[in-house]
Each structure stands twice: as C-alpha cells, then as structure tokens.
Amino acid sequence: MANLRIEHLNKRYGATKVLNDINLNIEDGEFVVLVGPSGCGKSTLLRMIAGLDGASGGDIHIAGKLVNALAPAERGIAMVFQSYALYPHMNVRKNMTFGLKFTGVPPTERERRVAEAARMLRLEELLDRYPRDLSGGQRQRVAIGRAIVREPAVFLFDEPLSNLDAALRVSTRVEIANLHRMLKSTIVYVTHDQVEAMTLADRIVVMNRGCIEQVGRPLDLYYAPANLFVAGFIGSPAMNFFEAKVERVESGCARVAGAGFRSFELSAPSLEVGDLLTVGVRPEHLGRGADGPFAVEGVVELVERLGESSFAYLRRADNRLFVAEVRGRQTPTPGERATLVAGARDVHVFDASGLRVSTQNEA
Amino acid sequence: MSGKQRARSFSVHLILIAYSLLAVGPILLVVMNSFKMRSAIFGAPLAPPDATTFSLIGYQKVFRTAHILTYYSNSLIVTLVSMALVLLFGAMAAWALTEYRFRGSTALALFLSIGIMVPIRLGSVAILNMMRSAGLNDTLTALILVYVAQGLPMSIFILSEFIQQIPKDLRDAARCDGVPEIRIFFEVVAPLLRPAIATVAVFTIVPIWNDLWFPLILTSSDTTHTVTLGVQQFLGQYITDWNSVLAALSMAILPVVVIYVILSRQLIAGLTSGAVK
C-alpha cells in the first residue's frame, strides 16, 4: 500500500514529445483511471511508472521513495497486461510463483499466497492447467493472480479488459472493483473505455496529446468538464456542441445567441460582448417536456432504439446534426419536428480557447 | 478444383517427384550396392541385392581394417559439441542483438551477417596457420572452433527473426516479476524458441557432418579423422575398394537421418510458424 507522486514527468522519442510535464498525486488506496484516445500517452505513462520505459525528465515517487533509477521489480509494483502475457510453457501455479522465486519468498509462503489468490479469483481448479487450455476470462484472472501474489504497493493495469467479449468485460469489471474493495491497494488503470473509467475510478485522469486535461471524480468530470476535450470525451453519445456569441451584457448577465438555438440569458460575470463561445448540452439532458433556458429545434432524421431509451438524430436550422436521448416507449418518428429543452444546470459553456466558463447557474 | 488448377497441381507434383527421385536416387544406389558383392556392383549396378548377390563383405572389411568406430565417435563429438555451442551462443547473441540497444549493436549485427555471405573456406590458409601456432593442429578442438564460427552467423540470423516474434509483453511481465535478465532468456525466451532451435540444429549439423575439407587440412592422424575423411582411405589412386566405400558411406548417412527424423516434427513447426496465428 502506498501513495504515488509524479512530478514534471517528460518523455521524448527523438524530437516527438510523448508526455509533457505530467504532475499527478495518487493517494494510498486510491483507484485512479487514466483515460484518453489512443496515442495520448496513457500507456507510456503507465510503463514509466512500472519502470519499463525510462523518463526523459521528472521524478516518480512510490511510497515516498524516489524510484527513477530502480528496476521494475524493485519498485513494488505489479502489472497486468492487455495481452495477459502469461508464460505459455508454465501451468497456472508456476505462472504465479515464477517471479516469487527470484524475490526471496520462501516456498511455504509462495504456496500460501497462491492458495489465497486462487481462492479470491476462483482459480483453484485451474492451477495445474496451461494458459492455452484457459478461456480469455480465466487467463485474465490468472494474470491478475500473478500480480496479487507479489503483494505490490501499486497495481498497474494496462487495458486489461479490451481483449474480452462484452459480457465478460462487464463481469470482470465488477470483479476488479470487488478486488479493490478487498485489497484496498493503490491501483493505476489505463483504458480507452470511458464506461470502465466511470464505473471503476475513484478519480479519473483524462489525457490528450501527452498532457493531462483534467483530474477529478467521475461525476465531477461528467457534470463539470473543465474544457471542450473532456466535455466531448466523457459521456456517450458525445455532448452536442453549438457555436455561439455573446450579444449583449447587462449587469453580469450575458445574452448568448447562435445559429440553430434560441438565444438565452447566462449569468456569467466574466463574459464580454462579442466573445465567441461553444455551448455544450448532453443528449440525455435534452428533453421535450422539460423547462429551461436552452431550447433547440430540429427535424428528426434517424432514430436508434436501445430499449429503455432511444437516440434521436435531429437536423437543426443551420443544417447540422445533434443528438437527443428520448426515454420511454414513445419513440419519435423521422420527419417529426421537435423542440428540445435543457435545464440551466445542464448547459455547459466554453470560451474561445476551449476552457469552461463558470456561470452562476451552476451554484 | 477447376481443370486448370488440377493441371497446375499435377505439373507441380510432377516436378517435385522428379526432384525427389533425383535427390534420393544416388543415396538409394549407395545403400543398395553396399549390400552386394563386388562383381554384382559392376555387373548390374541398378539391381537390388538378391539371394545370389547379397554380401556383407564391405561392412566386414570396414570394421576389420579401419578405425571406423574412432571416426564415428570423432564425427559425433565434433558435430554435437559444435551444434551445442552454435545454438547456445547463437541464441544468446540473437537475444542480445534484438533485445538490447547498445553502442555498436547495429555494426555488430552487420559484421555477423558478413559471415553468411563470405564462405569460411576462403580463410583456410589463415585458419591452418592460426591452428598450428595455437598448437591445435590435429585436434578435434580445432574442428569444433571452425564449425562454430561457420554456423554462428546463420543461426544468429534465423534466431533473431524468431525472437522478434515473441511478444514483448512477456519479457516486460518477467521484468515486473523480478526475473533476472539471464533467467528471462533461459527460462522464458529459450523454451519458446524450441522449434527455431530445432531448425537451426538441422541446418548446423548436416554441413558439419558431411564436411570433408576441414578434417582434411586440420587433422592428420587416424585418431582425429572423421567418418567422411576415413572413407577416403578406401579410395586409392589405382585400386578403389568399392565394397568398403559404399558400406562406410551408408553408415555415414545413418546418424544424419536419425537426427533429422527426431527433429523433423519440430523442424516443420519451425519452418511454418508465423504463417498462421
């Protein structure tokens, strides 16, 4: 069990900057998920924490100890790989004990740890099997077991669920959450799947192009994204964006107008006349009956039915598409004209540089 | 299968069968005639031995007159020790060159690949001088050293290709597990290289076992001769003892065939691995 501190971490391959001045503090026992599009540097960051890739600058502390110069095994970490990376020529038991031989764990202790991990992960019957005889989910559990028996200070997961099918992904996700509850260990988890991030994390780190865009609790990221990137990345389907402009300011109250939606009042003292804005509204916050300042009109073009709700794609006045989630059995029909409304709390406003504009509506 | 495809497949097989006959024919002829009397060898060279022509005289002579068992054990020692060293050092060098980036690693890889292109026999005179001044003249050690040098470049080249196919995650996982580098090589990488090692083993063994040149220039006494060289003593300038030559040659073929049969399953896996996932 340990905390993890990353300071001014940089990584360059030749002239390309892969990671740019990363600062991150992870508390003891915290479950942190690194999420971002592919190529954002999240896996590189994880490999640098593990010690598999060297840093071009900056420090990594694990449990208060500077580990920059330490080998992976000396850092007190255990890593679970996307490909599971089980030793194909060893059975499950040997896979789990192989590393322990070299770290001075006596045989009786090794057996005890394997037995405990096997019980926790329901692997008891599989201990004498070889990886080729296991299903994907079982292999993943063995990979996790191999990490557990090392009793590491920090667990590192590199997209552990992306090789599993959808049903297994959900059940393994629950198992990992349970595991964290039982072990109470520090976990750093990399994924590109925002559902995994939202469901598992104590805190989410959203990364983009080698930089951290925002760090926060899942619901904070959802309800108050710090910038356009996070707003568009978290949530599915993605947030609708509308280009807008400040028309008039009167005593801290700005009138925001744009193509395709009705202009509305916004209580944001920092805005000035002529400011270019982006207004964001999530599909699930657009409703027909709701009451609110934001209203957008469109013609239904396409409807995706999911069962408990449907996604309607509407074409608005400026000929762009936006999405609205419609709950209940009553699905809209294509060609129908609809006016959709969002409440004041659900309207996100971003300035020209993409940063969130704080409004008093949120309070 | 359409008629055109069938015709193509037929012609391909025809060529392959012709080639097989061409390759196997002489060997069959040698083995067949080694069991015949001298008069029958010349009288009807293409006929198989029958009740009247069957004779073991060649084998009897070989065992009586020559140090055939010494030659045999010399050949075995030289071949097996060379093979073991080529595989060990070849695999280790291939691992180092593919896994680690160090100053001069590219230059070293290029240097080693030159060994594939330049035949080692070009250096015969230099090798002879070196062995003589090292006091290794007329020893099996000299042969082993030469064969290791001859086999290494190709084995490094082939094994590097195979090592690159082993998933990187596996080595990373072992490193996270705290496995020392040398144990990663011997206990994680090497077991996965088995098919590749069988392939390299066959490619290494055959030319060494069949080599005549280096035993001829590097060994001079009966105690260090190999089988291929030993056979030569039956080939005289004026008289050739064909019974003995054919018997000795038949015996020389045997070990290579045995080793090939043992390794062939692995060999086929090695040659085709990577073709399908």
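Before moving on, here are some points about what is shown:
- The residue pairs whose first member lies in the range A:318-332 and is within 16 Å of A:Ser236 (Cβ to Cβ) and modelled with pLDDT of 85 or more, whose second member is surrounded by fewer than 14 Cβ atoms within 10 Å (Cβ to Cβ) and basic (Lys, Arg), and whose beta carbons are closer than 9 Å, counting only pairs six or more residues apart or on different chains, are A:Ala324/A:Arg288; A:Val326/A:Arg288.
Here's the yes/no breakdown for (1) under 30 Å from B:Gln164 (Cβ atoms); (2) assigned by TED's automatic domain parsing to the domain that holds B:Ile184; (3) modelled with pLDDT under 90:
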{"residue": "B:Lys61", "(1), (2), (3)": "no, yes, yes"}
{"residue": "B:Leu80", "(1), (2), (3)": "yes, yes, no"}
{"residue": "B:Ala91", "(1), (2), (3)": "yes, yes, no"}
{"residue": "B:Ala96", "(1), (2), (3)": "yes, yes, no"}
{"residue": "B:Ala109", "(1), (2), (3)": "yes, yes, yes"}
{"residue": "B:Ile120", "(1), (2), (3)": "yes, yes, yes"}
{"residue": "B:Ser133", "(1), (2), (3)": "no, yes, no"}
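- For the range A:48-65, the set of residues classified as facing another protein chain (nearest Cβ under 10 Å) and in contact (Cβ under 8 Å) with a residue 40 or more places away in the chain consists of A:Ala50, A:Asp53, listed by residue number.
- Considering the range B:99-189, the qualifying helices (runs of 4 or more DSSP H), each wholly inside and each with 1 or more residues that are loosely packed, with under 14 Cβ neighbours inside 10 Å and within 14 Å of chain A (Cβ to nearest Cβ), run over B:140-165, B:168-176.
- Test result for A:Pro160, within 14 Å of chain B (Cβ to nearest Cβ) and either closer than 16 Å to A:Ser43 by Cα or among the hydrophobic types (A, V, I, L, M, F, W, C) (or both): yes
- Out of B:Ala149, B:Ala190, B:Ala196, sole residue that is in the same structural domain as B:Ala96 (by TED's automatic domain parsing) and touching a Leu at 6+ places or on another chain (Cβ under 7 Å): B:Ala196
- In the condition set (1) surrounded by 17 or more Cβ atoms within 10 Å (Cβ to Cβ); (2) within 14 Å of another protein chain (Cβ to nearest Cβ); (3) not in a helix (DSSP H, G or I), A:Ser43 is compliant with all but (3).
- Against the numbered list (1) touching a residue at least 60 places away in the same chain (Cβ under 8 Å); (2) of a type in the set (S, T, N, Q); (3) under 23 Å from B:Leu112 (Cβ atoms), B:Gln150 comes up short only at (1).
- Pairs linking a residue in the range A:136-151 that is farther than 15 Å from A:Phe98 by Cβ to a residue that is among the hydroxyl-bearing types (Ser, Thr, Tyr) and outside any loop (DSSP other than H, G, I, E, B), with Cβ atoms under 8 Å and 6 or more positions apart or on different chains, are A:Gly137/A:Ser171; A:Gly137/A:Thr172; A:Gln140/A:Thr172; A:Arg141/A:Thr172.
- Residue tally, condition surrounded by 20 or more Cβ atoms within 10 Å (Cβ to Cβ) and within 10 Å of another protein chain (Cβ to nearest Cβ), over the range A:98-131: 3
- Conditions (1) touching an Asp or Glu at 6+ places or on another chain (Cβ under 8 Å); (2) without any contact (Cβ under 8 Å) to a residue 24 or more places away in the chain; (3) within 11 Å of chain B (Cβ to nearest Cβ); number of the one not met by A:Ala85: (2)
- Complete set of residues in the range A:1-29 that are surrounded by 19 or more Cβ atoms within 10 Å (Cβ to Cβ) and of a type in the set (Asp, Glu): none
- Test: A:Asp59 is within 26 Å of B:Glu181 (Cα to Cα), assigned by TED's automatic domain parsing to the domain that holds A:Ile187, part of a strand (DSSP E or B) and in contact with a strand residue (DSSP E or B) (Cβ under 8 Å, 6 or more places away or on another chain): yes
- Qualifying residue in the range B:223-238 (condition: more than 11 Å from every other protein chain (Cβ to nearest Cβ) and over 24 Å from B:Arg64 (Cβ atoms)): no
- Among the residues here, A:Asn68 qualifies as over 21 Å from A:Ile176 (Cβ atoms), part of a loop (DSSP other than H, G, I, E, B) and more than 14 Å from chain B (Cβ to nearest Cβ).
- Extreme residue, farthest from B:Leu249 (Cα to Cα), among residues of the range B:18-65 that are in contact with a helix residue (DSSP H, G or I) (Cβ under 6 Å, 6 or more places away or on another chain) and not in a helix (DSSP H, G or I): B:Thr53
- Looking at the range A:192-275, the strands (runs of 3 or more DSSP E) lying wholly inside it that each contain 3 or more residues that are in the same structural domain as A:Val174 (by TED's automatic domain parsing) sit at A:203-208, A:211-216.
- Screening A:Gly36, A:Gly51 for residues that are crowded, with 22+ Cβ neighbours inside 10 Å and closer than 17 Å to B:Lys168 by Cα leaves exactly one candidate, A:Gly51.
- In summary, strands (runs of 3 or more DSSP E) completely within the range A:281-363 and bearing 1 or more residues that are out of contact with any Gly (no Cβ under 7 Å at 6 or more places or on another chain) and over 18 Å from A:Glu265 (Cα atoms) occur at A:294-305, A:309-316, A:321-327, A:337-342.
- Any hit, the range A:162-175, residues being touching an Asp or Glu at 6+ places or on another chain (Cβ under 8 Å), touching a residue at least 40 places away in the same chain (Cβ under 8 Å) and surrounded by 17 or more Cβ atoms within 10 Å (Cβ to Cβ): no
- If the condition is being among the hydrophobic types (A, V, I, L, M, F, W, C) and over 29 Å from the mean Cα position of the chain (by Cα), then the range B:47-101 contributes B:Ala47, B:Ala51, B:Phe54, B:Ile57.
- B:Ala198 within 30 Å of A:Gly99 (Cα to Cα), surrounded by 14 or more Cβ atoms within 10 Å (Cβ to Cβ) and away from chain A (no Cβ under 14 Å): yes
- Taking the listed residues A:Ile77, A:Ile187, the one that is within 20 Å of A:Leu52 (Cβ to Cβ), of a type in the set (A, V, I, L, M, F, W, C) and more than 14 Å from chain B (Cβ to nearest Cβ) is A:Ile187, with no other qualifying.
The values are calculated or read from the model by the stated rules, or taken from the named source; none is laboratory data. Bear in mind that the values here come from a model prediction, so they are computed numbers and not experimental data. Cβ atoms come from the backbone with ideal geometry, glycine included; neighbour counts cover every protein chain shown.
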